[in-house]
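Remarks on the structure that follows.
Since every read-out is calculated from the coordinates, none of them should be taken as a lab result. Note that the structure is predicted; figures quoted are calculated from it, not measured. So basically every Cβ, Gly included, is an ideal-geometry build from the backbone, and we count neighbours across all protein chains shown.
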């Protein structure tokens with residue numbers, strides 16, 4: 001389900017930029033997504049394609065770099081890749097964690113007509 005929400009956010013940004021540029025079609029979307037949970041690039045692309053149907057981004061190729069943000073447990077010091085949006089340390093079980101990077105998404109460029 002997480003990929004569906006992100007795909008919707010990407011599409012929203014893409015459509016706003018395409019409108020601003022006066023584009024009639026979006027062909028390629030490039031950017032990045034930084035998250036603390038594992039994402040499936042294929043599912044993200046499928047959700048994007050589904051949501052883009054009937055818009056100027058229909059058929060656009062989605063080329064996003066997926067960046068996984070690690071976490072560090074403040075209790076035991078372990079650094080790990082979280083598997084859930086509310087990370088729990090795999091060693092001591094603590095939820096007192098520090099995110100080791102910024103999460104979010106950015107559309108860095110579009111190829112449009």
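General remarks:
- Just so you know, in the range 66-113 the residues that are in contact (Cβ under 8 Å) with a residue 40 or more places away in the chain and surrounded by 15 or more Cβ atoms within 10 Å (Cβ to Cβ) include one that is farthest from the chain's Cα centre (by Cα), and it is 112.
- All positions within the range 43-94 that are on the phi > 0 side of the Ramachandran plot and in a helix (DSSP H, G or I): none
- Whether a residue is outside any strand (DSSP E or B) and touching a residue at least 40 places away in the same chain (Cβ under 8 Å) was assessed, and residue 3 passes this test.
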